[in-house]
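Okay, structure first, notes after.
The values are calculated or read from the model by the stated rules, or taken from the named source; none is laboratory data. This is a predicted model, so every value here is computed, not measured. Neighbour counts run over all protein chains shown; Cβ positions are idealised from the backbone, glycine included. Side chains included, ligands, DNA and RNA excluded: accessible areas come from the protein's heavy atoms. Shrake-Rupley method; radii C 1.70, N 1.55, O 1.52, S 1.80 Å.
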Amino acid sequence: QVQLVESGGGLVQPGGSLRLSCSASGIIFRAVPMAWYRQAPGQQRDLVARISPGGSSSYADSVKGRFTISRDNAKNTGYLQMNSLNPEDTAIYYCQIIANARYYWGQGTQVTVSS
């Protein structure tokens with residue numbers, strides 16, 4: 001049974017930082033690509049960052065230079081380090097993998113950036 005569980009969201013002030021975690025089970029985590037998406041109220045769900053099994057990464061233009069995606073395959077966990085947060089980053093953040101010929105999503109974790 002594939003399961004993804006996000007954690008680490010919360011309320012931060014503009015300019016602050018958060019690290020999100022995505023704990024995976026039921027898959028050979030080291031063998032699959034992982035991505036982070038986010039969805040703000042009234043908006044579509046947009047790609048934030050993605051990372052290959054080998055560790056190569058790419059980012060949406062809106063977060064380049066501020067966010068870093070990483071993974072610890074020994075812990076079956078992926079991460080999204082978010083720095084210099086601004087109110088436009090407020091959204092529910094979702095972890096995604098592609099495995100067994102389908103998408104898998106976590107339940108999401110809320111990130112709110114506000115003073």
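The table below lists the values:
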item: Condition check for GLY78: under 15 Å from ALA35 (Cα atoms), small (Gly, Ala, Ser) and in contact (Cβ under 8 Å) with a residue 60 or more places away in the chain; result: no
item: Conditions (1) at pLDDT 95 or above; (2) over 15 Å from ILE98 (Cβ atoms): number failed by GLN1; result: (1)
item: Selection within region 5-31 - in a loop (DSSP other than H, G, I, E, B) and either within 11 Å of the chain's Cα centre (by Cα) or surrounded by fewer than 17 Cβ atoms within 10 Å (Cβ to Cβ) (or both); result: GLY8, GLY9, GLN13, PRO14, GLY15, GLY16, SER17, GLY26, ILE28
item: Residue selected from region 75-115 under the condition at pLDDT below 95 and among the small types (Gly, Ala, Ser), by the criterion least open to solvent (accessible area, probe 1.4 Å); result: ALA99
item: Any hit, region 52-66, residues being in contact with a strand residue (DSSP E or B) (Cβ under 9 Å, 6 or more places away or on another chain), acidic (Asp, Glu) and at pLDDT 95 or above; result: no
item: Single match in GLN110, GLN81 (criterion: under 12 Å from the mean Cα position of the chain (by Cα) and more than 26 Å from GLN1 (Cα to Cα)); result: GLN81
item: Positions within region 51-74 being open to solvent by 30 Å² or more (accessible area, probe 1.4 Å) and farther than 23 Å from ALA31 by Cα, in sequence order; result: ASP61, SER62, LYS64, GLY65, ARG66
